[in-house]
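Laboratory data are not the source of any read-out in this text; all were calculated from the coordinates shown. These numbers were taken from a predicted model, which means no experiment stands behind them. For neighbour counting, all protein chains shown are included, and Cβ atoms are generated from backbone atoms with ideal geometry for every residue, glycine included.
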Amino acid sequence: MLNKLRSVLGDADVLTSQAQMASYSTDWTGEFQSHPVAVVRPRTAEQVVDILRIASEFDVAVVTQGGNTSLVGGSVGGDWPHLIVSTRQLREVLTVDPATNQLTVSAGYTLAEVQECARAHGLEYPIDLAARDSATIGGTVATNAGGIRVVAHGMTRVHVVGVEIILSDGEVIDHLHPLVKDNSGPDISKLAVGSEGTLGIITAVRLQLSRPRTAAWTALIPVANLDVAIDISRAIGQQLLAAEVVLTRTANEVAAAHGLPMLSAETRWWLLVEGDAELPSSLLPDATIVALQPSDVERLWKYRELHTNVISHHRDVLKLDVSVDVDQLPTFIARVEEAATRHGVHEDAMYFFGHVMDGNIHISLIGAGIQRRALSDAVMDIVVEAGGAISAEHGVGQLKGKYLPLVRTGRELTLFNDVRQAFDPAGIMNPHVLQQ
């Protein structure tokens, strides 16, 4: 098999030594590690076709990997025989169609590169997240990424108008056409979004760009609790572009690590908001920090975007990405705190931050020897009782498969497995992801 792969890709793009594969075989959290037969790095869609045909011939599983920023083990495989197919070198196409304001882009381009291309044409691709410089567009589509602008623009699925996806037998499904209207039955493209590499390998996507909504102001607002943060965000109304909450304690960890001014500890939370109209001064308390200049805006966003960097310096971190209805969020966080305390997590080792108006707060619980599985189960029980989602934007991956029956009916799971079987009858595409 390796000889056949080398004949297609060349020796340089078939990696087999542990040293060569190290950065590909461990996910961002460090929790999931794999032992692939090889890491292969195609540069063209045609090479992907050949890789999948070879994998099918030898009955070896295929795990697709973009920027490898997964937090749920979705992009690294495990101890079973598999190939990791890195799509980072798939960079054949990056073109904007001025007639439709749509961008066709190969899967290996990063989110930041897509954003920059849109800006160069006076347009905007509004999906944005802290890992923009490393997350690939193929990966963000495969996981239906959200990020910091969902409250204004929606998730990735809203912006995808077409995909090129290659199935496990090497067949190419090409839906990259420029038609504004195509109502010819179910849309395969939308099905591919969020499929986490289980239906095939996405090699290119067509994205709908939009006219920019530029932030006129950014404000960091002290808030006593999440109820106040929600009320202020709602009062800002239609001009709201982003609404993020951070704990003062964590924000000041960021400040200490990165040379930023310390925030007042008189309040527990801070709300980072942006709007694209007049600054609503009447809503903002006196201690609010307002930024109008780009350098000041960048400084305020660091308090939020560098959270993950600070948390990553800790060991024994349980990361949970979930969502509930916005109105239930304050009660939900309080219940999570209670559960974490019962499982031995100290208050100073609980980190909460994220997208308050999406009902999506990222939870990191830290402690040597904490009962990770029992604590994760306890939090997921709270999520289910609140009618929430076990994954808000990072996908299910390998980490959360066992919780799927809690939020999806048996019939839904059967239907999904039937779809998966139809796309991948050989069962080689990321076989341990999205499985109970």
Most mobile of 99, 118, 215 in a GNM of the chain (Cα contacts under 10 Å): 99
Footprinting exposure proxy for 58, 332 (fewest neighbouring C-beta atoms within 10 Å first): 58, 332
Computed E for residue 2/residue 412 - FRET, C-beta separation, R0 30 angstrom, nearest 0.05: 0.15
Projected area averaged over orientations for the chain, convex hull of C-alpha atoms, nm²: 21.1
Inverse of mean 1/r across different Cα pairs in segment 94-208, Kirkwood, Å: 14.1
Relative contact order (%) - criterion: Cα under 8 Å, at least six apart; region: the chain: 15
Normalised convex hull volume, segment 217-309, alpha-carbon set, Å³ per residue: 90
Tensor-based shape of segment 143-194 (alpha-carbon gyration tensor, a/c under 1.5 rounded, otherwise prolate or oblate): oblate
Loop-located trypsin sites (Lys or Arg not before Pro) in segment 359-410 whose Cβ has at most 13 other Cβ within 10 Å (DSSP): none
Mean shadow area of segment 314-394, taken as a quarter of the surface of its Cα convex hull (nm²): 4.8
Gap separating the Cα centres of segment 237-262 and segment 106-148, nearest whole Å: 23
Prolate/oblate/rounded label for segment 1-150 (Cα gyration tensor, a/c 1.5): oblate
Ascending count of other beta-carbon atoms within 10 Å, so fewest first, for 411, 6, 88: 411, 6, 88
Label point distance in nm, residue 100-residue 295, each placed 7 Å from Cα along Cα→Cβ: 4.3
Förster-model FRET efficiency, 60 Å R0, residue 59 and residue 286, C-beta, rounded to 0.05: 0.35
Mean projection area, nm², convex hull over Cα of segment 337-382: 3.2
Estimated inter-spin distance, residue 184 and residue 371, nm [label 7 Å along Cα→Cβ]: 5.7
For segment 77-117, diffusion coefficient by Stokes-Einstein and Kirkwood Rh (Cα), 10 °C, 1.306 mPa s, µm²/s: 131
Potential extension, residue 384-residue 216 segment - 0.36 nm per residue separation minus Cα distance: 56.7 nm
